[in-house]
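The structure appears right after this line, and notes come after that.
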Amino acid sequence: MIGAIILAAGSSRRFGGDKRKATLPDGTMVIVQSVRNALAVFDEVLVVLRCDDQGFAAELSDLLDDDRVRTFCAPESEMGMGHSLANAAGEIGDWDGVFVFLADMPFIRAETLRLLKVEAEGNVDAIVVPVFEGMDGHPVCFGRKYFSALGGLSGDRGAKAVLMANQESVIKVEVEDSGVVRDVDRPEDLDSRED
């Protein structure tokens, strides 16, 4: 089984507030939409929160009300995204692969995720990266053989080191979905219309 990790342990400094809780034009929280996108395709979703986010974890569980979602407060989240992902890698159990999502990317379409998942299922030892108009995007899938490398990450660069060290195993999938490269960094990015 291939599952999904949604990284939501950052500090949202550029946004000026907790962008995970910011709302899209339809009133849905950014993080809730990102999780729902993953749930449209994946059977298990692990939402990685900050070390002190126990209250938000409970709120999120109530909002989503889905047994396929598990929240996890990464104990080393304050040390950067790499640490948060490393903490999460120890929580994914016997998955065959993991798609790593960023919580501030709520515009990815379900059909894109299905396409990427099929590619990953057919290439279990690969790293699958979506590409939109020449730009690498998210989510990125790592097969089980990369789990230990993910577990050894540190700092604030996420899984980039694993990608760079395994270029020969990267499969790039061209997609027609700008959602794979659109994140929410500023309040004006909440508008769901494409540029």
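Here are the numbers:
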read-out: Segment 43-121: equivalent-ellipsoid semi-axes (sqrt of 5 x gyration tensor eigenvalues, Cα, Å); value: 22, 16, 13
read-out: Table column - 3J(HN,Hα) (Hz), segment 165-175, Karplus curve with 6.51, -1.76, 1.60, x for Gly and Pro; value: 7, 10, 4, 5, 9, 7, 10, 9, 10, 5, 10
read-out: Cα gyration tensor shape for segment 137-193, rounded if a/c is under 1.5, else prolate or oblate; value: oblate
read-out: Calculated diffusion of the chain, Stokes-Einstein form, Kirkwood radius summed over Cα pairs, 37 °C and 0.692 mPa s, µm²/s; value: 199
read-out: Scattering profile of segment 76-143 at q = 0.16, 0.17, 0.18 Å⁻¹ [log10 I(q)/I(0), Debye over alpha-carbon scatterers]; value: -0.62, -0.70, -0.77
read-out: Segment 70-121, accessible area per residue, ligands and nucleic acids excluded (1.4 Å, Å²); value: 40
read-out: Percent of C-alpha pairs per 5 Å bin, segment 84-195, short to long; value: 2, 12, 22, 23, 20, 13, 6, 2
read-out: Estimated FRET transfer efficiency when R0 is 25 angstrom, pair MET79-GLU121 (beta carbons, to 0.05); value: 0.15
read-out: Gyration tensor verdict on segment 1-72 (Cα atoms; rounded if a/c is under 1.5, prolate if a/b is larger than b/c, oblate otherwise); value: prolate
read-out: Portion, in percent, of the accessible area of the chain that falls on carbon or sulfur, probe 1.4 Å; value: 46
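The values are calculated or read from the model by the stated rules, or taken from the named source; none is laboratory data. None of these values were measured; they are calculated from a predicted model. All Cβ positions, glycine included, derive from the backbone under ideal geometry; neighbour counts span all protein chains shown. Only protein heavy atoms, including side chains, enter the accessible area calculation; ligands, DNA and RNA are left aside. Shrake-Rupley method; radii C 1.70, N 1.55, O 1.52, S 1.80 Å.
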